[in-house]
């Protein structure tokens with residue numbers, strides 16, 4: 001039994017405490033925007049925010065998540081994909097297959113929350129998720145685009 | 001009586017239809033014509049009227065363009081729609097896509113034709129019938145308006161789906177005349193005059209992708225995300241040694257674990273746990289003791305495989321060659337000789353979405369949801385394994401989380417899921433491979449070695465070139481029919497004499513190119529760019545060595561061999577120019593250049609790298625030039641080029657699937673490392689359209705990435721790199 005606060009909603013789930021948070025989000029909660037890629041915190045496809053920090057949910061035991069931890073998944077990042085990162089991703093036409101992009105967007109949103117005007121070096125260090133289609137160049141551009149958009153408003 | 005527009009009605013007969021179970025090339029083959037006959041509207045619910053099979057129009061003028069190729073990120077859906085829309089003259093902002101399933105196509109005598117998506121063929125093999133389909137729909141829509149107004153159709157004009165008759169100052173729109181248009185007989189495809197691509201307004205432009213929105217908010221459903229009522233989930237372990245079998249497993253050890261429903265054997269080789277959730281299935285499988293009968297493959301290792309391939313470098317018998325003049329003699333007689341042996345490893349595809357398939361079998365119906373580059377092969381596999389007649393099967397269209405050649409005709413995961421589902425009538429079964437399973441059971445990029453020898457005359461001109469490739473054959477495993485008379489030309493992709501697809505861009509007076517087939521127990525398959533990758537490294541790195549031995553500039557030495565290959569040369573020149581070849585560089589930065597051909601397109605690259613005193617490599621910038629003939633979406637072409645740099649560079653830096661005790665060693669991204677954003681160089685794409693052929697885009701440029709980088713490293717360090725990946729090489 002676990003109590004989880006996901007996207008502002010509290011869920012009680014019947015699940016073994018050693019289940020990775022990723023699989024609880026996908027299977028018990030039914031939010032499939034958060035992806036399975038490796039299961040060993042390497043690829044970042046499973047990235048979510050926990051109290052504003054980006055975390056790889058495949059490697060967090062649900063038993064270690066507190067009821068007070070505020071978890072945000074890609075579905076809860078913004079209404080109508082209105083987060084500056086999501087808008088920049090659309091403007092720059094970032095996604096190819098799209099599978100890793102939930103995680104990429106969550107990583108970028110967390111970066112900008114902490115560092116509103118990131119340098120290329122900041123982006124190198126924060127954006128460590130794997131993309132096999134190779135959208136890295138556009139991700140870099142889109143992070144800068146989102147930063148500029150945010151600073152204007 | 002249907003009205004016939006210009007000429008005779010399209011003939012709908014003369015189709016042949018063969019359903020095969022081929023494990024390889026894809027289950028279905030056919031003869032196919034008349035690609036846009038009208039028929040009953042497919043999407044009854046959305047009120048769109050089918051004008052022809054590619055175009056349906058809604059009353060509000062929304063244009064539904066049908067696509068049948070698989071979208072795995074390469075942007076083909078947007079490009080295909082641009083081709084239809086260009087001729088249709090509809091409002092691009094009102095275009096939406098509709099994917100057609102193979103079962104629906106079969107039900108209409110396979111009117112939509114081939115759905116397979118690989119070999120960078122999506123656009124180039126669809127463009128003719130799609131453009132004709134768009135044009136035919138336009139002609140029918142205009143004719144419907146002309147009939148309504150009782151004016152000659154030639155007096156009408158159309159822009160963005162709005163039809164006008166200037167003389168009577170009347171206008172209407174596609175949405176208003178679609179129903180009448182659909183009742184008209186389609187024009188004869190042969191009579192349709194297509195636009196000059198130089199006058200394109202929608203095609204040829206960098207339109208944004210039509211399929212981005214749901215990739216931004218988590219709402220896009222991949223096959224791995226499919227949810228069905230009553231669904232159970234399955235985790236699988238196939239014998240880690242290829243060719244091995246299941247000996248026994250101790251089901252009692254996982255008895256009573258939460259959610260577990262059943263342990264299932266799939267074929268002789270795999271064990272599956274079925275549970276209510278995938279995580280429960282996977283963790284129970286991890287706890288299940290399995291004893292394997294590993295078989296003969298268990299004695300294989302990197303060392304035994306390398307020795308096997310090395311023997312092929314000098315064997316008497318070969319499996320295909322290209323020959324002009326007497327290369328061996330020319331080299332023997334040459335005052336200066338150059339010789340080198342190269343090697344490239346097995347690679348996995350590592351699609352971000354692991355292999356998976358969801359299958360539901362009932363008495364009179366079979367359905368599958370799976371990521372597939374060949375959805376008709378998926379359908380055929382479902383029918384064959386389930387025993388449900390193909391007419392009662394459907395393979396649902398669902399976009400892929402990456403493909404790269406992994407998810408074509410083999411459909412191993414679809415077959416497994418169907419086997420499991422046979423034991424659960426009416427219950428949907430979702431099989432998901434763990435990343436470890438995905439890395440253990442790929443159809444890997446073939447391993448190979450290559451011995452290169454060259455002779456130079458006293459002036460440093462290349463007089464003889466001998467290429468001997470020894471390595472594993474894809475055809476031997478997946479397409480034995482492709483090996484003709486013991487010769488397997490596919491492995492010499494990029495070295496061919498014939499123009500048009502993968503022609504070697506050099507003319508050498510004495511040339512001998514040979515392939516020695518040396519197969520292993522590791523299954524192999526196409527991997528984005530296929531054999532152009534390895535052959536591009538061998539040719540372009542060796543040409544670099546030869547140019548240096550001749551004391552000549554890398555670019556000039558190549559140019560001198562390319563006078564009879566003007567398209568190769570033009571692309572090389574474009575890369576050199578945009579890549580500032582010969583111009584000064586910052587201290588410590590060095591350039592490398594390469595050119596090669598595959599998939600009907602010409603590619604070249606210039607790389608700028610630095611190597612630190614500690615041997616650390618940094619790739620700063622890459623300029624890639626591509627001539628794919630017609631460029632349907634330059635923005636998406638650039639995206640594919642950027643992606644090919646990431647995929648190719650990741651392989652160059654890190655890619656290696658090691659074999660030990662007959663099994664794959666690198667089972668996750670901790671050891672099968674993937675390049676990250678920080679290592680991505682600045683990529684500049686030069687599209688060199690020549691408007692006189694249709695070439696591929698997804699694959700052609702990847703083969704020049706590694707050699708351009710390796711040649712730049714050579715420039716930086718003075719030492720050639722002859723084996724990959726670079727993580728194993730001490731650069732200084």
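Matching residues to (1) touching a residue at least 60 places away in the same chain (Cβ under 8 Å); (2) loosely packed, with under 15 Cβ neighbours inside 10 Å; (3) away from every other protein chain (no Cβ under 12 Å):
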site: B:193; (1), (2), (3): no, yes, yes
site: B:198; (1), (2), (3): yes, yes, yes
site: B:202; (1), (2), (3): yes, no, yes
site: B:225; (1), (2), (3): no, no, no
site: B:248; (1), (2), (3): no, yes, yes
site: B:252; (1), (2), (3): no, yes, yes
site: B:284; (1), (2), (3): no, no, no
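Inside segment B:679-698, can you point out the residues that are facing chain A (nearest Cβ under 9 Å) and surrounded by fewer than 18 Cβ atoms within 10 Å (Cβ to Cβ)?
Scanning segment B:679-698 gives B:679, B:682.
Give the residue, chosen from B:651, B:646, B:638, B:604, that is surrounded by 20 or more Cβ atoms within 10 Å (Cβ to Cβ) and not in a helix (DSSP H, G or I). Please lay out each step first, then the result.
Details: B:651 fails: not in a helix (DSSP H, G or I); B:646 fails: not in a helix (DSSP H, G or I); B:638 fails: not in a helix (DSSP H, G or I).
One residue alone meets the criteria, B:604.
Which of the strands (runs of 3 or more DSSP E) contained wholly in segment B:250-310 include at least 3 residues that are over 24 Å from residue B:657 (Cα atoms) and in the same structural domain as residue B:229 (by TED's automatic domain parsing)?
Values: elements: B:260-266, B:270-275, B:290-293.
Counting at least 3 such residues, we get B:260-266, B:270-275.
Residue A:109: buried (at least 21 other Cβ atoms within 10 Å of the Cβ), touching a residue at least 60 places away in the same chain (Cβ under 8 Å) and touching a helix residue (DSSP H, G or I) at 6+ places or on another chain (Cβ under 8 Å), yes or no?
It is true that residue A:109 is buried (at least 21 other Cβ atoms within 10 Å of the Cβ), touching a residue at least 60 places away in the same chain (Cβ under 8 Å) and touching a helix residue (DSSP H, G or I) at 6+ places or on another chain (Cβ under 8 Å).
Which of the residues spanning segment B:286-320 are in contact with a helix residue (DSSP H, G or I) (Cβ under 8 Å, 6 or more places away or on another chain) and surrounded by 15 or more Cβ atoms within 10 Å (Cβ to Cβ)? Let's see the steps before the verdict.
Going through segment B:286-320, the residues in contact with a helix residue (DSSP H, G or I) (Cβ under 8 Å, 6 or more places away or on another chain) turn out to be B:287-289, B:319-320.
Those that are in contact with a helix residue (DSSP H, G or I) (Cβ under 8 Å, 6 or more places away or on another chain) and surrounded by 15 or more Cβ atoms within 10 Å (Cβ to Cβ): B:288, B:319, B:320.
Could you pull out the residue among B:615, B:629, B:551, B:598 that is under 30 Å from residue B:131 (Cβ atoms) and either at pLDDT below 95 or out of contact with any strand residue (DSSP E or B) (no Cβ under 6 Å at 6 or more places or on another chain) (or both)?
B:598
Does segment B:324-340 contain at least one residue that is in contact (Cβ under 8 Å) with a residue 12 or more places away in the chain, within 14 Å of chain A (Cβ to nearest Cβ) and in contact with a strand residue (DSSP E or B) (Cβ under 9 Å, 6 or more places away or on another chain)?
Scanning segment B:324-340 turns up no residue that is in contact (Cβ under 8 Å) with a residue 12 or more places away in the chain, within 14 Å of chain A (Cβ to nearest Cβ) and in contact with a strand residue (DSSP E or B) (Cβ under 9 Å, 6 or more places away or on another chain).
Looking at segment A:17-37, which of its residues are in contact (Cβ under 8 Å) with a residue 40 or more places away in the chain and part of a loop (DSSP other than H, G, I, E, B)?
A:17, A:18, A:19, A:31, A:33, A:34, A:35, A:37
Is it the case that residue B:144 is within 17 Å of residue B:195 (Cα to Cα), more than 14 Å from chain A (Cβ to nearest Cβ) and either in contact with a strand residue (DSSP E or B) (Cβ under 7 Å, 6 or more places away or on another chain) or in a helix (DSSP H, G or I) (or both)?
It is false that residue B:144 is within 17 Å of residue B:195 (Cα to Cα), more than 14 Å from chain A (Cβ to nearest Cβ) and either in contact with a strand residue (DSSP E or B) (Cβ under 7 Å, 6 or more places away or on another chain) or in a helix (DSSP H, G or I) (or both).
Of (1) farther than 27 Å from residue B:696 by Cα; (2) not in a loop (DSSP other than H, G, I, E, B), residue B:187 satisfies all except one. Which?
Evaluating residue B:187 over (1) farther than 27 Å from residue B:696 by Cα; (2) not in a loop (DSSP other than H, G, I, E, B) leaves (2) as the failure.
Given (1) in a loop (DSSP other than H, G, I, E, B); (2) within 22 Å of residue B:348 (Cα to Cα); (3) within 18 Å of the chain's Cα centre (by Cα), identify the lone condition not met by residue B:521.
Every condition holds for residue B:521 apart from (3).
Among the listed residues B:621, B:676, identify the single one that is closer than 30 Å to residue B:587 by Cβ, within 13 Å of chain A (Cβ to nearest Cβ), surrounded by fewer than 23 Cβ atoms within 10 Å (Cβ to Cβ) and touching a strand residue (DSSP E or B) at 6+ places or on another chain (Cβ under 9 Å).
B:621 is the lone residue from the list that is closer than 30 Å to residue B:587 by Cβ, within 13 Å of chain A (Cβ to nearest Cβ), surrounded by fewer than 23 Cβ atoms within 10 Å (Cβ to Cβ) and touching a strand residue (DSSP E or B) at 6+ places or on another chain (Cβ under 9 Å).
Among the residues of segment A:22-32, which ones are away from every other protein chain (no Cβ under 11 Å) and either under 18 Å from residue A:54 (Cβ atoms) or touching a helix residue (DSSP H, G or I) at 6+ places or on another chain (Cβ under 6 Å) (or both)?
Correct list: empty.
Let me spell it out: the conditions are (1) on the phi < 0 side of the Ramachandran plot; (2) more than 11 Å from chain B (Cβ to nearest Cβ); (3) over 10 Å from the mean Cα position of the chain (by Cα), and residue A:51 meets all of them except one. Which number is the exception?
Unmet for residue A:51, out of (1) on the phi < 0 side of the Ramachandran plot; (2) more than 11 Å from chain B (Cβ to nearest Cβ); (3) over 10 Å from the mean Cα position of the chain (by Cα): (1).
Step by step: first the residues of segment B:399-427, then only those that are within 14 Å of chain A (Cβ to nearest Cβ) and surrounded by fewer than 24 Cβ atoms within 10 Å (Cβ to Cβ), then the one that is farthest from the chain's Cα centre (by Cα). Which residue is that?
My answer is B:399.
Results for (1) crowded, with 20+ Cβ neighbours inside 10 Å; (2) at the interface with another protein chain (Cβ under 8 Å from one of its Cβ atoms); (3) at pLDDT 95 or above, shown as yes or no for each residue.
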position: A:10; (1), (2), (3): no, no, yes
position: A:16; (1), (2), (3): no, yes, yes
position: A:20; (1), (2), (3): yes, yes, yes
position: A:62; (1), (2), (3): yes, no, yes
position: A:71; (1), (2), (3): yes, no, yes
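Scan segment A:42-60 for residues that are buried (at least 17 other Cβ atoms within 10 Å of the Cβ) and free of Cβ contacts under 8 Å to residues at least 40 places away in the same chain and report the count. Show your work before the answer.
Restricting attention to segment A:42-60, the residues satisfying the condition of being buried (at least 17 other Cβ atoms within 10 Å of the Cβ) are A:42-50, A:54-58, A:60.
Narrowing the set further to residues that are free of Cβ contacts under 8 Å to residues at least 40 places away in the same chain leaves A:50, A:55-58.
Total meeting the criteria: 5.
Within the group B:357, B:377, B:332, which residue is part of a helix (DSSP H, G or I) and buried (at least 23 other Cβ atoms within 10 Å of the Cβ)?
On inspection, the qualifying residue turns out to be B:377.
Taking only segment B:204-220 into account, find how many residues are more than 7 Å from chain A (Cβ to nearest Cβ) and part of a loop (DSSP other than H, G, I, E, B).
Result for segment B:204-220: 6.
The values are calculated or read from the model by the stated rules, or taken from the named source; none is laboratory data. Predicted model only: the values in this text are computed from it and were never measured. Methodologically, a virtual Cβ is constructed for each residue, glycine included, from the backbone with ideal geometry; neighbour enumeration extends over all protein chains shown.
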